[in-house]
Structure formats: C-alpha cells, structure tokens
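K.L.:
Structure in structure tokens, see below.
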Ligand SMILES: [Zn+2]
C-alpha cells in the first residue's frame, strides 16, 4: 500500500491511495456493503459509478456466512465477484452497539449473535486473522467505541483499550497485501483524542481512521472533532472518517483534511424513497413528484437521471416496486461519487474554498428536505 499526496488547498487534500486491487483517488466515499453486498446494487453498477473501494463488515460476515465459507470460495473478492478494493471494519462498532449482549475485558469482547444468540469472542488477533482470511485490502483494528455521552474515565478507558488492542492487531499481522488502519477514539474530549492519536501514530500504521463520531453528537461537534483529530494525524498517511455520508458533512470533513468516508446513509435513503441532491433530499413519494417529468437532479450525470423521470420513480415507490429502491440507491451513490470527484478537481486547481462555499450555500441541513 502507498499513499501519495498530490495537492493540498488549505487543510483539504487530494491524494491517491494505491491498494492491492487498484488506485483509490481521494477524497473518496466508500459505499457500504455490510453483508458482502452494497444493498440492491450489483458490482457492475458500482463499477459504473467508478467506485474503487467498498466497505464490508466483520461482525456480520463473521456470523453469516462465516470465515470458512468465504475462505473456501476464494476470499471475499471472489465470493462477491468484486475485483476492486475492499475495506472491512473490525466489528468493534457493531459489538458495542449490542450493549446488553456483550462483555468487555482486556482480552477482547464476548458477545451474543443478534441472529441466534450464539456466543462469540472478538480479540485483536482473531479480528485481524478474520480480515486477512477474507483477503481484504484494508483491515481495521479492533477498537472500543464508547457510547456518548460518556464520563472522562469511561473515555480514557476506551482509549487505553483501543491502543492496547491496536498494538496486538499490528503484532498479529501476517499478510502484506492487507493494510491495517488504526482507529482514533476519545469521544468529544480533545485531550483524549490527542492521546489516542499520538499512541496510535507511534505504531506507524499505514493509515488512520477517526472513529467514535457520527453517533448522535451535533454537527458542530462532529466538524470540530473530525478537524481537530485529522490535524493530529501524519500528513503522509490516509485519514478515514467513519460513518459520515451527507453532502454537507462530507464537504466539511474534506475541508478539515479527511480523505476517506463511509456511511449507510445514501443506500438507506435510497431504499426509503429519499433521493440525495446537492440542494437537498427529495422525498420521492411526495405527491408533488407524481407528474414531474424532470430527472431526480438535472445536474447529475448518473444513468438513473439520464433515463428516468421523478414521476416514474415516484410511481415505483408508491406501487412498492423493487426497482425504485434500486434506482434511488444507485443515484444516491452516484451523487456522492460525483461530489467527491468535483472536490478532487477543486483541490487540484486551487479552487477549494470557492467550491466548498458553493456547496454549503446550496446544501440545507440534513433534516431539511428540498421543495419540489
Ligand atoms: Zn442521478
């Protein structure tokens, strides 16, 4: 793995992340394929929007179909017929979302499956072993994602375990083609973030994620902490903000120096009849769209916008036809891919501030829905 910083403009960065399954131009948004599928979207369609890397989920794949099945099928790329890059998260976030179903110790975390109640244990070693057995391009270290709000001792304990586990993850590595990223924790506490970042940077990992955000804090807190944390990380390594994926949030985080993102937001919205545009989201079932001949977004270059009207898409959702969620998911992913492509061009040409301010001027807050 290598990361080349091609241009900077303010704190915003334009880079190329060279991984085992090809180059990823950054800033980049990674579509989420939790269960080895980006929901409703085929690998061909992902290639059509020039996705270079997607995310899959250790917790879910561990439980179903399990390590042996995927390894026997030739690894995760072969299993899901995706020949570009895959990043797997470590499962830490999902396990900590289980709350009552998990027991934490220095050794790792024991948990009960949400599927059948069966008992499992994640350790730093077996989580790295699992991700390497899948043959992924980027593996994430096992971390402790503390639920907010949290007390300072709870935050400190999360940081302590996250560092100890990252060290053990690094020591457990056996596969050159899988790059291990560490995850900075520390909640909304700058002192804890700084400690977490400095302890992880000491491990000289190939990349770093900013975790523990986008978990219910305010937008201002998210922007402040992602910018603060990004600035603590080495300039020559990729920085990945986990769980962020709205137009406004992506641009704010790129402005703070982040290179990579993932979020279920665009595909979840797509399944629920919500179309992303740079001027706000459209609730496509809305009666105002029932006879609207325009595409979802006149400026979008995606195949959905080139082919279908709002009226047709609105009809698909009202009639509960499965093509509707598919097409909206694809358009939403294309919207974020185009946003990142334009961001890269703006940084390269030294026009980042103008581009950023233009996006902010058009994009409403997450909660607001654009008028028809
Ligand atoms: Zn579109």
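Computed from the coordinates by the stated procedures, all read-outs in this text should not be read as laboratory data. Nothing here was measured: the structure is a model prediction, and the numbers come from that model. Glycine gets a Cβ as well: all are built from the backbone with ideal geometry, and neighbour counts include every protein chain shown.
K.L.:
Taking region 135-162, which residues are in a helix (DSSP H, G or I) and surrounded by 23 or more Cβ atoms within 10 Å (Cβ to Cβ)?
P.N.:
155, 158, 159, 162
K.L.:
In addition: Quick one: what pairs do we get from region 151-174, first residue at negative phi, second assigned to a helix (DSSP H, G or I) and surrounded by fewer than 18 Cβ atoms within 10 Å (Cβ to Cβ), C-beta under 6 Å, 6+ apart or different chains?
P.N.:
172/125
K.L.:
Here is a follow-up. Would you point out the residue of region 276-310, among those that are touching a residue at least 60 places away in the same chain (Cβ under 8 Å) and in a loop (DSSP other than H, G, I, E, B), that is farthest from the ligand (Cβ to nearest atom)?
P.N.:
286
K.L.:
Still on this structure: Test residue 266 against the criterion of being within 15 Å of the ligand (Cβ to nearest atom), outside any loop (DSSP other than H, G, I, E, B) and under 30 Å from residue 233 (Cα atoms), and give yes or no.
P.N.:
Considered against the rule, which asks whether it is within 15 Å of the ligand (Cβ to nearest atom), outside any loop (DSSP other than H, G, I, E, B) and under 30 Å from residue 233 (Cα atoms), residue 266 comes out as yes.
K.L.:
Here's a follow-up. Could you list, in sequence order, the residues of region 314-355 that are near the ligand (Cβ under 10 Å from one of its atoms) and buried (at least 23 other Cβ atoms within 10 Å of the Cβ)?
P.N.:
Within region 314-355, 327, 328, 330, 331, 332, 333, 334, 335 qualify.
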